[in-house]
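Readers should treat all values here as calculations from the given coordinates under stated rules, not as data from a laboratory. This is a predicted model, so every value here is computed, not measured. Cβ: placed from backbone, ideal geometry, glycine included. Neighbour counts: every protein chain shown.
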Amino acid sequence: MPAAHDAGPGEVAGVGADLEPGTLLAAYRSGLFPMRLPDRRLAWWSPDPRGVLPLDGVQVSRSLARSCRRYTTTFDVAFADVVLGCADPSRPGAWIDDSFVRAYARLHELGWAHSVEVWDETADGRVLVGGLYGVAIGGLFAAESKFHRARDASKVALVALVEQLIAMGATLLDVQWTTSHLASLGVVDVTRDEYAVRLRHALTVHPSTPFGG
């Protein structure tokens, strides 16, 4: 497994290996995450700068607060459905293939990967309208992907995740890259070196409650 600093001035630290649970967990502990290159090879990424959401810095607008009240959120109730929502090939920039779906399903079975579901309670029943999934190790939550089928649904998932991580005593929410969408929620950039410092601390944290507890 390459180290994060192997990425140098670029973002890819290494190419190859597999998506076995041990490989994935070693990668996250090293500050890396997997995505495929355009030629479909498996690559291990370490962006510089790195997007993180300070748990005490999430920004909730009035409209988002209304959406938080409108929707219902749950944890680890529909992990497979959330991953499939994120993997929808019709989404712009879709990159999650079947190998990733299987790999993170296995991590979920082992208790490392988790989901946040966002539901809309309608006259016809409860409908999944958004969510996110990622990997929790110690005080780290590495968010992998999110999706929405209704306005603000993925943002509601992120707000619920922050509340959950605070309750657990977690310290680091990694979102990989900062986008304008994420910046509006309070996501900031940190250098690769600063991320490594925060990651080392997060990995020493023992959550006070299990994810979703």
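Other residues with beta-carbon under 13 Å from the beta-carbon of Leu158 carry, at +1 per Lys or Arg and -1 per Asp or Glu, a net charge of -3. Modelled this way, with points 7 Å down the Cα-to-C-beta line, the labels at Ala167 and His206 are 2.2 nm from one another. For Arg151 and Trp177, a Förster radius of 25 Å and the Cβ-Cβ distance give a FRET efficiency of 0.65, rounded to the nearest 0.05. When the charge dipole of the chain is built from unit charges on Cβ atoms (+1 for Lys and Arg, -1 for Asp and Glu) and taken about the Cα centre, the candidate among Val83, Ala3, Ala43 whose Cα reaches farthest toward its positive end is Val83. Selection among Tyr28, His148, Phe211 by position relative to the dipole of the chain gives His148 as farthest towards the positive end (Cβ unit charges, Cα centre). Rounded to two decimals, the Cα-based Rg/Rh of the stretch 1-123, with Kirkwood Rh, is 1.01. Whats the longest run of the chain with zero trypsin sites (Lys or Arg not before Pro) that are DSSP loop and have at most 13 other Cβ atoms within 10 Å? The longest uninterrupted stretch comes out as 42-213. Each Lys and Arg contributes +1 and each Asp and Glu -1, all at the Cβ; summed about the Cα centre of the stretch 50-202, the dipole is approximately 340 debye. Here's the picture: a label point sits 7 Å out from the Cα of Arg91 along the beta-carbon direction, and within the stretch 167-204 the residues with their amide nitrogen under 15 Å of it are 175-177, 179, 181-182.
Show that you can apply the helix-only estimate: for the chain, add -39,500 (n - 2.57) for every DSSP H stretch of four or more residues, divide by all residues, and state [θ] at 222 nm to the nearest 500. Provide the component values of the computation, followed by the final result.
On the way: 7 runs with 70 residues, N = 213.
Per the formula, -9500 deg cm²/dmol.
Panel order for Phe100, Phe141, by other beta carbons found within 10 Å of each beta carbon, from fewest to most: Phe100, Phe141.
Quick check: convex hull over the Cα atoms of the chain, volume per residue in Å³, rounded to an integer? Can you show the working numbers first?
Details: hull volume 25.6 nm³, N = 213.
Per-residue hull volume (Cα only) is 120 Å³.
Relative to the Cα centre, the charge distribution of the stretch 46-109, modelled as +1 at Lys and Arg Cβ and -1 at Asp and Glu Cβ, gives a dipole magnitude of about 420 debye. Normalised size of the stretch 4-45, defined as Cα radius of gyration per 2.2 N^0.38 Å with N residues, equals 1.07.
Compared with the alpha-carbon gap, the fully stretched path from Glu20 to Thr74 is longer by 16.7 nm at 0.36 nm per residue. Here the simple spin-label model places points 7 Å from the Cα toward Cβ, and for Asp120 and Val197 these points are separated by 4.4 nm. Can you classify the stretch 80-147 as rounded, prolate or oblate using the Cα gyration tensor, where a ≥ b ≥ c are the square roots of its eigenvalues, rounded means a/c under 1.5, and otherwise it's prolate if a/b beats b/c and oblate if not? Taking the square roots of the gyration eigenvalues as a ≥ b ≥ c, the stretch 80-147 is oblate.
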